[in-house]
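Trainee: I have a structure here, written as structure tokens, and I will follow up with some questions on it.
The values are calculated or read from the model by the stated rules, or taken from the named source; none is laboratory data. None of the values given here were measured: they were computed from a predicted structure. We place every Cβ from the backbone using ideal geometry, glycine too, and count neighbours over all the protein chains shown.
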Amino acid sequence: MTSGKKVVLIMLALAVVGVGIIGVTLARMDRDQVEVEADQVLRQDLVRSVTANGEIKPRRYVNLSSNTFGPIVRLAVAEGDPVEQDQFLMQIESVQTAADVQSAQASLDAAGSELEGAEASIRSAEAAIASAQADKARIESDLARSAADFERAKGLIAEGLISQEEYERQEAAHTVALAQRDAADARIAQADAQLAQARQQREGLRFRMQQQQAALVRVQDALAKTTIVAPLSGVITYLPVNEGENAIVGVQSQPGTTLMTIADMSVITSEVRVDETDIVDLRLDQRAEIRVDALGDRVLRGHVSEIGNSALTASGAPASTTTTVSTNEARDFKVVITLDDPPAELRPGLSATATIETASRTDILAVPIQAITVREIPPDDVPSFIENPELIEQRGEDPVVEQEGVFVIEGGRARFRPVLTGIVGTTDIEILAGLEEGEQIVSGPYRVLRTLEDDTTVRTTEDDPEA
């Protein structure tokens, strides 16, 4: 073999060895790389929302029940009928109550007649008193005259100017005048007593009339309640009774006592239950989208019109009034959403899902939510835009900070970058500080991201031909 051929063989051998070494090195480097999913920091519009389930309800509705027991003798409406306020709805048998009204009216009329008689007796007693006082005045005048004649007779008989008979006549006349005065006083006293008695009788009759008037009002009210009229304009949404059935006296929350339900369908709401973790983000007049199961994919618009202040338990009772509530039981709050333009086909009780917009941002930096992770970093590595970082003391080691951040891909390596986040949307989260638009970040998979370490060599699924 010539020397030239030896050189060529040696060079070929070296080349093969070099290719082998490079292949082994590349294979080892490939094994050290971690395959990740990558995404970019992009500008976009972001909306934060709260989703809650509930049902369609009219803003105003009333459950009508009966205040009296009896058969329904007339039913003037059917379920689904529109009604106006004060419109006649149904009649409950009123024979007994009508008779009670007539009896009470008769008793009141009789008491009125007796009162008129008492007033006449008072007027008669007052006239008798006036007449007796006039008689007494006349008698007192006669008594004064007879007293003067009697005194004159005393002087004359002492001088012997009149006879004993004349003196006795004057004395008798004076005695009679005194007796007449006493009789007049007695008549006046009797008339006063009759007047007082008549007045007392009148007061008793007035009190009796008040009682009779109250009794009449009571039975008239009972009679009026046998006629059911509409307390508001709306639609009959529930009518479980038929003509001829007995109306049962209504008791609150007792099934079977509701005669009908009238709903004012001009203002329709969706009443939903919002989890206690989301209620703090809700405000009045926030916009909402409502999807009703019965309407398919149709989206209705509305706004928050009421936010409950008391938490509800799973049973729907206010938590503050429940005697025994598990501390682990989830609490919800009632939220009422008024629909802006409710369609005519809506019915109370339909299931609904509301998505309430609690915040929105336009043209902001955002990344996928799953890209956010937490790592422990030294306090000196915390950027200035993080205010008041919370130190975690470690036994025997320097304190660290649990910091929220993302892994940014730089030169084939994943480097942890602290970030300041804002609102959270459906799939993305706002980045207030720490990243620049267009930077490439690690967004998954979760099993890799949760254990990924800083400065790890990575390759993205886009770089993997087999992926």
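Let's see how each residue does on (1) of a type outside the set (Asp, Glu); (2) under 30 Å from Asp221 (Cα atoms); (3) not in a helix (DSSP H, G or I):
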| site | (1), (2), (3) |
| --- | --- |
| Ala111 | yes, yes, no |
| Arg123 | yes, no, no |
| Arg169 | yes, no, no |
| Gln180 | yes, no, no |
| Asp192 | no, no, no |
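This table checks each residue for (1) surrounded by 11 or more Cβ atoms within 10 Å (Cβ to Cβ); (2) among the basic types (Lys, Arg); (3) at negative phi; (4) free of Cβ contacts under 8 Å to residues at least 40 places away in the same chain.
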| site | (1), (2), (3), (4) |
| --- | --- |
| Arg347 | yes, yes, yes, no |
| Asp363 | no, no, no, no |
| Thr373 | yes, no, yes, no |
| Glu390 | no, no, yes, yes |
| Glu393 | no, no, yes, yes |
| Glu397 | no, no, yes, yes |
| Arg417 | yes, yes, yes, yes |
| Gly425 | yes, no, yes, no |
| Asp428 | yes, no, yes, no |
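Trainee: If I filter segment 169-177 for residues that are within 27 Å of Glu126 (Cβ to Cβ) and of a type in the set (Val, Ile, Thr), do I get at least one hit?
Mentor: No, segment 169-177 contains no residue that is within 27 Å of Glu126 (Cβ to Cβ) and of a type in the set (Val, Ile, Thr).
Trainee: Restricting to segment 86-103, count the residues that are touching a helix residue (DSSP H, G or I) at 6+ places or on another chain (Cβ under 9 Å) and either crowded, with 19+ Cβ neighbours inside 10 Å or in a loop (DSSP other than H, G, I, E, B) (or both).
Mentor: Here the count works out to 3.
Trainee: Which is of a type in the set (A, V, I, L, M) and under 60 Å from the mean Cα position of the chain (by Cα), of Ile139, Ile122, Ile129?
Mentor: Just a single option satisfies the conditions, and that option is Ile122.
Trainee: Restrict the check to segment 435-444 and report whether at least one residue is under 20 Å from Leu42 (Cβ atoms), acidic (Asp, Glu) and under 50 Å from the mean Cα position of the chain (by Cα).
Mentor: The answer is yes; a qualifying residue exists.
Trainee: Within 23 Å of Thr456 (Cα to Cα) and not hydrophobic (A, V, I, L, M, F, W, C): which single residue out of Arg415, Arg361, Arg395 fits that description?
Mentor: Answer to the selection: Arg415.
Trainee: Kindly provide the set of residues from segment 100-122 that are more than 20 Å from Gln200 (Cα to Cα) and among the β-branched types (Val, Ile, Thr), ordered by number.
Mentor: The answer is Val101, and nothing else.
Trainee: Another question about this same structure. Among the strands (runs of 3 or more DSSP E) lying completely within segment 379-460, list those that include at least 2 residues that are at pLDDT 90 or above. If you could, list the steps in order and put the result at the bottom.
Mentor: Working: elements: 391-394, 397-410, 413-418, 420-424, 428-433, 440-444, 456-460.
Answer list for segment 379-460: 397-410, 413-418, 420-424, 428-433, 440-444, 456-460.
Trainee: For the condition in a loop (DSSP other than H, G, I, E, B) and not basic (Lys, Arg), what is the one hit in Ile139, Ile162, Ile129, Ile157?
Mentor: The unique qualifying residue is Ile162.
A quick yes/no check of all residues on (1) among the small types (Gly, Ala, Ser); (2) over 60 Å from the mean Cα position of the chain (by Cα):
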site	(1), (2)
Gly155	yes, yes
Tyr167	no, yes
Ala173	yes, yes
Leu178	no, yes
Asp182	no, yes
Ile188	no, yes
Arg199	no, no
Gly204	yes, no
Met209	no, no
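Trainee: Among the residues of segment 178-233 satisfying the criterion of being basic (Lys, Arg) and exposed (fewer than 15 other Cβ atoms within 10 Å of the Cβ), which is modelled with the highest pLDDT? Walk me through how you get there before you give the answer.
Mentor: Our first condition is that a residue be basic (Lys, Arg); within segment 178-233, this holds for 181, 187, 199, 202, 206, 208, 218, 225.
Subset that is exposed (fewer than 15 other Cβ atoms within 10 Å of the Cβ): 206, 218, 225.
Values: Arg206: 86, Arg218: 91, Lys225: 87.
Across segment 178-233, the extreme among qualifying residues is Arg218.
Trainee: Report the residue count in segment 65-100 for those that are of a type in the set (A, V, I, L, M) and at pLDDT below 90. Can you show your working first?
Mentor: Within segment 65-100, the subset of a type in the set (A, V, I, L, M) is 72-73, 75-78, 83, 89-90, 92, 95, 98-99.
Now restrict to residues that are at pLDDT below 90: 95, 98.
Result for segment 65-100: 2.
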